[in-house]
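Accompanying notes for the structure given below.
Values in this text are rule-based calculations from the coordinates and carry no lab data. Small disclaimer: the values here were computed from a predicted structure and weren't measured. All Cβ positions, glycine included, derive from the backbone under ideal geometry; neighbour counts span all protein chains shown.
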Amino acid sequence: MSNPHRWFGVGQSAAADSRKAGAGAAAEAIGLGEAKALFVFASVAHDLPALLAGVRMEAGPDAEIVGATSMGELGSAGATDGGVAIAALGGDGFTVQTRAALISKADPRDAGARAAQALHGLDDEHQVLIMFSEGLSGQPHEIVRGAYSAIDPGIPLVGGFAADDRHFSETFQFYNDEVLAGAVVGLGLGSDGPIGIGVAHGWRRTEPPMVVTKSSGPHIYELDGEPALDVLLRRNDFDGSAEEFFDRGRQLQPLGLSRRSGEDIRVIHAGDDEARSVWGTADVPQGALVWLMEGDRQAMLDGAAWSCTEAVARLDGLPPLGVLAFDCGGRRAGLIEGGLDQEIQAMRTALSDAPFAGFYSLGEIARVRGALGTHHLTLVTLALA
Amino acid sequence: MPNWSTHLLTEYFTAVNAAEHEETAIASAVERATEMVEAEAGAVVRDGRVIGAYGFGSVVPEIALGEAAAGQPMIEIPYVGELHVASNPLGGETGDALIVARQAEPFDPEERQMLQGMGQVLGLALRSIRVLAAERHLRAEKERQATSAQTRQRLVESLLTIQRAISARRPLPEILDAVTCGAADLLGGAKVTLMLAEGGPDQRLTAASTCGDGDSPPDSLAQAAMAGGAVLVRPSEQGWMIAAPVRVTGEMAGSLCALLASTGGQQTEQRDQLSAFAQQVSLALTDARTVEAVREAHHDPITGLPNRALFLKILNRVLASRGTMADPTSVLFIDLDRFKAVNDSLGHDAGDQLLALVARRLRGCVRASDTTARLGGDEFAALLHDLPVEAAQFVGERIVAAIKEPFRVAGREVFVGASVGVAVSREARQNSEELLHNADVAMYRAKKDGLGRVLVYEPYMHAEALDRLSLRGDLQRALREGEFRLQYQPLIRLADGRATGVEALIRWHSPTRGFVSPVDFIPKAEEFGLIADIGQWVLETGALQVTKWRRDFPDLTLNVNVSGHQLVHPRFADNVMRALAIAGLPSSAVTLELTESVLVSEPDLGRSALGVLRKLGVQLSIDDFGTGYSSLAYLRELPVDELKVDRAFIARAELTGEDLALVRTIVELAQILGLRVVAEGIENAAQLAALRKLGCGLGQGYHLCRPIDPEHVAVRLAATQGESPVGVLDHRSTA
């Protein structure tokens, strides 16, 4: 088989040996083609440099490799935990270019703006900036704003924030053969075929709302003038310590901020018994009105199908070659015990069995309309035709 | 759906005010405003320059943004297309503006209102930062810098408190008070008043909330701010006056006014602060109106039952879905008996509590699949599916029995009852309103036949209902065409037989109904909401008449009866004073008579109006004293001047020792409290003698003088002057 004009493939591996896992998944994704770019999603449990070496071995010296560590991987073959999922694309119809930048605490926007330079000089009819960022900087909005402010507003943004299973200590980004920490990696993708993006979640508000009366960055100290941890424990009818409450992801607390067309969601994943405070990975502005969000399984599965359907619908009637998926770790926690398979099945159906690969992240990036580009608890899909 | 824009404004406030430099404040404001309205791009135009452009890509369209600030509604962005623009002034005299541009759709009024607020807040923050920056170089002014920063912090805190109150749906008056007090506090103890336009064509202004001491702002100031749609600053005698307009869903609704003792050249800052508070009022009122509309549209808040509108909707649906005419649908109209008495004597809270308990019992009387509703007041309805008329009647009986059992309200047992009308749909195409109306008619008839009955609607009942309807029309016409007239009954000083005053008594001779007793039409006038107009007519007419008589009898006073419905009217005190002013009658010559039940049931509202009137010199009398819930406590608290002993105590031809003991107690009580006592219903010489002996000061009754037409009054009054044979006024003139 010769190299088609545009192609997209996915591969997954659960092999314990990191090099073999990387090589195996990459080989499956590339097939017989010549890859221009590979998107690698893997658990921090892997020996990451070895894993990238395996990928490079199959991809050849010229392919761009980008990606991030995850809170679980997903692909056409199913969802994995501690595995690796890879998407590859190639053909003359695609142009790719990459940039990486380290995040400075004082100016996180600058890193976003520099990663956005990946689009520099591209003149393809359809373009998108795909970003993989450190997930624990506490300032995800600023990073995305930095990228948005640096590109033409007609170009969409997608991507995800890296995770580290459920350790919340350090995440990594992949930039060719390097494993970076505290960085933003951008891949500018140009195509002569259409590009579609879908965004959906599946959560709804529980009344009554609360006002964030004291917060700083991603830390919430008070809700309605009361210690935030106390409020969450009470609203959940839970008697115990913060650690018990947030143990094993069963008690991820999605908070929804009131927005013009729905909610902007923050996932709260930890708390402090001393300070009675709680926090997540993105800032919650003081003065904001927030709702505790609840999701039932069906609503989340419907959200997955909707995200895929929306992305495909924007391909001007062409069938999708394949899809990159940025799914929230919070959704994963809500879908555990059988729900993950259902989600994968819902995506397969909505995509008419087109291949897809992606990862469970600490926050999703999607900007098509409007200026806001950071999301949580969503499934963002990027469909390529 | 709660108002998302209200929620966002506070986040924006916090973010913008956290900035220490102009650039960060602008960048923060632009980005948040852009994201919040889901716009693609935003910028600030300041002093003719574009600052903080966001989302325009590499080439910022400076000229187009300048035009947008000047009012151009669209802007072209390369590779994106034409975007809708909202340009929001930063306040001050310049053309500075916060601009956002959106591709998908134009900005709706609510969004524009929020963006206007955002522009104001940014302007305020920028000026504040500029002041701070300038002062940073001046050591001498260091203290002031701290104050200004503190003021900014206090502004944010104050607005957060208000925001929280809005979000938590606190009662509207509480929110409005928080606004005026927050503003007054921030403006260094200025008097701040929120003037809101009443409905109606003349758009009169009333003070909805006030904080601080001193004079009230002139109406003209608020009106000017509303007319101009912009914040106004004017010099006043003491210092400065500022007024900021308040809008509800974009329409002008009033004005937030502040009177400042002096400003020391800070008008701009204070004007902006007041404007920010006015914006909060706008949002609170808009939010309240939305919530109210949604809630009112469906459920009654007291009982949680569907309201009339929802009930009719359900009824419509049931009627429309009926398979055949053989499925009868019954509607019960349930009206409580004696509810008003409970409400009047125990107060509204107890009344509401009772309604909620009644609702619970009602639900217990019907099947789960049936619908119960509160139509309003003490009226309820039930919709019964597939029940033949006999069964519906039986349900009605069950309801009557259930409501007859005592209720436990406000710590005591309360007895009410219910009358029920039943209507069954017989026609294939029955109108829901008509069915409910028929049940209402049957209920009315049931009530007339004696309380606690259940009656099924029959067509003949309709004619009777029409009569009731026409009474409303007749009363309106009577007022319009001048069918009412007044008679006057003198109040006689028992010691010397002189008339000290007259009580005005309304009479109605209807051209179609003949003479109608006030006992019959006054409650109806109250029910129909006509009592305020009728009461005002009595007051105006009586005042004019007594003013005339006072030329010959200079000390003559006027007593007028006042209904509880008048008392709670927000302009009651004003109306009384207006009537007296027009007639030229001094307020000290007028005594308003109120029944005990009114005073007890409207303690707060009534008291404030009475307090105002009492301060203005009007006297107050308690009518029918001793019949109600005579409480010594309220006698001491209320500004009362006179007690009228009810005729029931004096009614016996020969007063018993017990009667006399009661009257004596009242007379002595009055003496202790320094009140006048009037004995009502004196009908013979023996009663008169007994009352004189007890030391009762004044009396009324047929034995002294019947109510008489105005043309005879002067003669009677003259007759009481000079010689003083008590009882000579026994004239069988008119009835």
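For a Förster distance of 60 Å, can you work out the FRET efficiency between the beta-carbons of residue B:686 and residue B:389, rounded to the nearest 0.05? Mind showing how you got there, number by number?
Numbers: r = 59 Å, r/R0 = 0.99.
Once the sixth-power term is evaluated, E becomes 0.50.
Grab the beta carbon distance between residue B:51 and residue B:185, set R0 = 45 Å, and tell me the FRET efficiency rounded to 0.05.
Calculated value: 0.85.
What does the convex hull of the Cα atoms come to per residue for region A:274-385, in Å³?
Per-residue hull volume (Cα only) is 125 Å³.
Which loop-located chymotrypsin sites (Phe, Trp or Tyr not before Pro) does region B:38-126 contain, where loop means any DSSP state but H, G, I, E or B and the Cβ has at most 16 other Cβ atoms within 10 Å? Write out the running numbers ahead of the final one.
On the way: sites: B:54, B:56, B:79, B:107; in loops: B:56, B:79, B:107.
Listed in order of number, the matching sites are B:79.
Using a 7 Å offset from the Cα along the Cα-to-Cβ direction at both residue B:314 and residue B:302, what is the distance between the two label points in nm, to one decimal?
Those two pseudo-labels are separated by 1.9 nm.
What aspartates and glutamates does residue A:105 reach when the alpha-carbon gap must be under 13 Å and sequence neighbours fewer than 8 apart in one chain are set aside?
A:134, A:142
Rg(Cα) of chain A divided by 2.2 N^0.38 Å? Please report the intermediate quantities before stating the final value.
Values: Rg = 19.7 Å, N = 385, 2.2 N^0.38 = 21.1 Å.
Ratio of Cα Rg to 2.2 N^0.38 Å: 0.93.
From zero outward in steps of 10 Å, how is the percent of C-alpha pairs of the protein assembly as shown spread across the bins?
2, 9, 13, 15, 15, 14, 12, 9, 6, 3, 2, 1, 0, 0
In deg cm²/dmol and to the nearest 500, what is the mean residue ellipticity at 222 nm of the protein assembly as shown if only DSSP H runs of at least 4 residues count, each as -39500 (n - 2.57), divided by the residue total?
-12500 deg cm²/dmol
Output the relative contact order of region A:204-294, whole-number percent, from Cα pairs under 8 angstrom with separation of 6+ residues.
Worked out over region A:204-294, it gives 43 percent.
Are there GluC sites (Glu not before Pro) in region B:171-261 that DSSP marks as loop and that have at most 11 other Cβ atoms within 10 Å, and which are they?
Here the GluC sites (Glu not before Pro) that fit, given the DSSP loop and packing criteria, are B:237.
Students often forget the sequence filter, so: which aspartates and glutamates lie under 19 Å Cα-Cα from residue B:548 once same-chain residues fewer than 8 apart are removed?
Qualifying aspartates and glutamates at Cα under 19 Å: B:503, B:540, B:709, B:711.
Per residue, how big is the convex hull around the C-alpha atoms of chain B? Give it to me in cubic angstrom, could you?
Numbers: hull volume 158.8 nm³, N = 735.
Enclosed volume per residue, from the Cα hull, is 216 Å³.
Angle between the Cα long axis of helix B:109-136 and the longest principal axis of chain B, 0 to 90 degrees, nearest 10?
In chain B, helix B:109-136 runs at an angle near 60 degrees to the longest axis.
Would you mind telling me the antiparallel percentage of the DSSP bridges in region A:84-180, rounded to 5? All intermediate terms of the calculation are to be shown ahead of the outcome.
On the way: 3 of 8 bridges.
Here the antiparallel bridges make up roughly 40 percent for region A:84-180.
With contacts defined as alpha carbon pairs under 8 Å and 6 or more residues apart, what's the relative contact order of chain A in percent?
20 percent
At residue B:76 and residue B:415, where each label point lies 7 Å from the Cα along Cα→Cβ, what is the point-to-point distance in nanometres?
8.6 nm
Lysines near residue B:191 by alpha-carbon distance under 25 Å, same-chain residues fewer than 8 away left out - which ones?
B:615
Compute the angle between helix B:142-167 and the longest alpha-carbon principal axis of chain B, please, reported from 0 to 90 degrees and rounded to the nearest 10.
With rounding to tens, the tilt is 60 degrees.
Quick one: if you stick a label point 7 Å off each Cα along the C-beta vector at residue A:34 and residue B:578, how many nm between them?
The modelled label-to-label distance comes out at 9.3 nm.
So which cysteines of the protein assembly as shown have no other cysteine's Cβ under 4.7 Å from theirs?
Unpaired cysteines in the protein assembly as shown: A:308, A:328, B:257, B:365, B:696, B:705.
Quote the charge dipole size of region A:98-198 about the Cα centre in Debye, to the nearest 20; the model charges only the Cβ of Lys and Arg (+1) and of Asp and Glu (-1).
320 debye
Per the Debye formula with a single identical scatterer at each Cα and no solvent contribution, what log10 I(q)/I(0) holds for region A:1-78 at q = 0.27 Å⁻¹?
So the normalised log intensities work out to -1.43.
Please name which of B:51, B:189, B:415 has its Cα lying farthest along the dipole of chain B towards the positive end, using unit charges on Cβ (Lys, Arg +1; Asp, Glu -1) and the Cα centre as origin.
My answer, from the dipole projection, is B:415.
Based on Cβ point charges of +1 for Lys and Arg and -1 for Asp and Glu, what charge dipole magnitude is obtained for the protein assembly as shown about its Cα centre, in debye rounded to the nearest 20?
3260 debye
How big, on average over all directions, is the shadow cast by the Cα convex hull of region A:204-294, in nm²?
Averaging across all directions leaves 5.3 nm² for the Cα convex hull.
Quick check: the distance between the Cα centres of region B:61-90 and region A:195-262, to the nearest angstrom?
38 Å
In percent, what relative contact order does chain B have, based on Cα pairs under 8 Å that are 6 or more apart in sequence?
Details: 1283 pairs, mean separation 48.7, N = 735.
About 7 percent, as a whole number.
At R0 = 22 Å, how high is the FRET efficiency between residue B:404 and residue B:367 if r is their beta carbon distance? Nearest 0.05 is fine.
Numbers: r = 21 Å, r/R0 = 0.96.
Approximately 0.55, to the nearest 0.05.
Treating only the Cβ of Lys, Arg, Asp and Glu as charged (+1, +1, -1, -1), what charge dipole size does region B:320-431 show about its Cα centre? Round to the nearest 20 debye.
Values: 14 positive and 15 negative charges, 38 e Å.
Approximately 180 debye in magnitude.
On a 0 to 90° scale, report how tilted helix A:297-313 is relative to the longest principal axis of chain A, with both axes built from alpha carbons and the result rounded to the nearest 10.
Around 40 degrees separate the two axes.
If you take the charge dipole of region A:204-294 about its Cα centre, with +1 on Lys and Arg Cβ and -1 on Asp and Glu Cβ, which of A:265, A:246, A:236 is farthest toward its positive end?
Of A:265, A:246, A:236, it is A:265.
Just order B:682-689, A:131-138 by mean Cβ neighbour count inside 10 Å, highest at the front, would you?
A:131-138, B:682-689
Go through region B:436-541 and name the GluC sites (Glu not before Pro) that are in a DSSP coil and have 11 or fewer other Cβ atoms within 10 Å of their Cβ.
Taking region B:436-541 and a limit of 11 other Cβ atoms within 10 Å, no loop GluC sites (Glu not before Pro) are found.
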